[in-house]
Amino acid sequence: MYNTYLTLLAKEWIESLRTSRLLIWTVIGVFFGILSPLSAYFLPEILSLVGATENIIITIGSIGYQDALKQYIKNFTQIGTIVVIILYMGSIAQEKSDGSLSFLLVRPVDRISILLAKITGAKIIIAIGQGAAILCMTLYSRYLFPDFPIARFIVANLFLFIYFLTIAVITISLSAMVTKPIIAAIGSLGFWILFSVIAMSRQLGNYSFTQVSDQMMQMTEGFPVSYTPTIGALVLMIVVIGIAYWRFSRWECTD
């Protein structure tokens, strides 16, 4: 089983290169890593230019690395969520439709190995893209904001990684349950919206995985961090993987 898993993981890596999945996610990471500190730093000038065209004086307080960090977290999580869903909505469902999965299963190949290889492949891609974002964000922020806390920022990105990984696991798991990628995409968006609503609840909000990225700001600023959302994310991933495997193991190639 282990050898099969490694072979499938190698297949996922080659596929990520062939489909430009790695390239797309890395470009997204670089984009927000560069845009966030630059847009925060030049925000006063941008607002003053806009105000001048309307004969309005716009004043804002001093800009610090906190503003760049807020933009990085907000923009990266919002756009990144959509990108991750699009990248992985057809990870298994598409292979069901085009028959390539049927070709694998007659080898035979363990279905759990297929599912875990997909998730591990996504984990590697997310880590590489986010690594590029961290590098760009660190370099630009350190140059524009000398007091930028590099060490805490790098460590805090683990929360953002868990957030994106949760989105990927949900999408891949749903893709294993259905035969059409668009259904997996809609289901993943539904999960995201549902847990965003749950995050507003006083009783259950702290367990929503959508709160994981918020802890990144806390850690970077040196404030106390709550690991409850992280625990909630890990439990959710285990549950959806279990349900996906149960459903996937009952799928027949003739379906």
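Quick one: in segment 83-125, which of the residues that are among the charged types (D, E, K, R) and assigned to a helix (DSSP H, G or I) is modelled with the lowest pLDDT?
D98
Output the residue which, of all residues in segment 86-106 that are under 15 Å from F248 (Cβ atoms) and among the charged types (D, E, K, R), is farthest from the chain's Cα centre (by Cα).
K96
Testing S102 on (1) touching a Lys or Arg at 6+ places or on another chain (Cβ under 9 Å); (2) buried (at least 18 other Cβ atoms within 10 Å of the Cβ), one condition comes back false. Which one is that?
Answer for S102: the failing condition is (2).
Would you check if L38 is crowded, with 18+ Cβ neighbours inside 10 Å, touching a helix residue (DSSP H, G or I) at 6+ places or on another chain (Cβ under 7 Å) and either at pLDDT 85 or above or not in a helix (DSSP H, G or I) (or both)? Please lay out each step first, then the result.
Numbers: crowded, with 18+ Cβ neighbours inside 10 Å: no; touching a helix residue (DSSP H, G or I) at 6+ places or on another chain (Cβ under 7 Å): yes; either at pLDDT 85 or above or not in a helix (DSSP H, G or I) (or both): yes.
Judged against the criteria, L38 is not a match.
Name the residues in segment 144-173 that are over 16 Å from the mean Cα position of the chain (by Cα) and in contact (Cβ under 8 Å) with a residue 40 or more places away in the chain, would you?
L144, F145, D147, F148, P149, R152, F153, V155, listed by residue number.
Within segment 11-33, can you find the residues that are in contact with a Leu (Cβ under 9 Å, 6 or more places away or on another chain), within 24 Å of T138 (Cα to Cα) and either of a type in the set (A, V, I, L, M) or modelled with pLDDT under 65 (or both)?
Hits for segment 11-33 are L23, I24, V30.
Farther than 24 Å from L101 by Cβ and among the aromatic types (F, W, Y) - does that describe any residue in segment 172-191?
no
The values are calculated or read from the model by the stated rules, or taken from the named source; none is laboratory data. These numbers were taken from a predicted model, which means no experiment stands behind them. For neighbour counting, all protein chains shown are included, and Cβ atoms are generated from backbone atoms with ideal geometry for every residue, glycine included.
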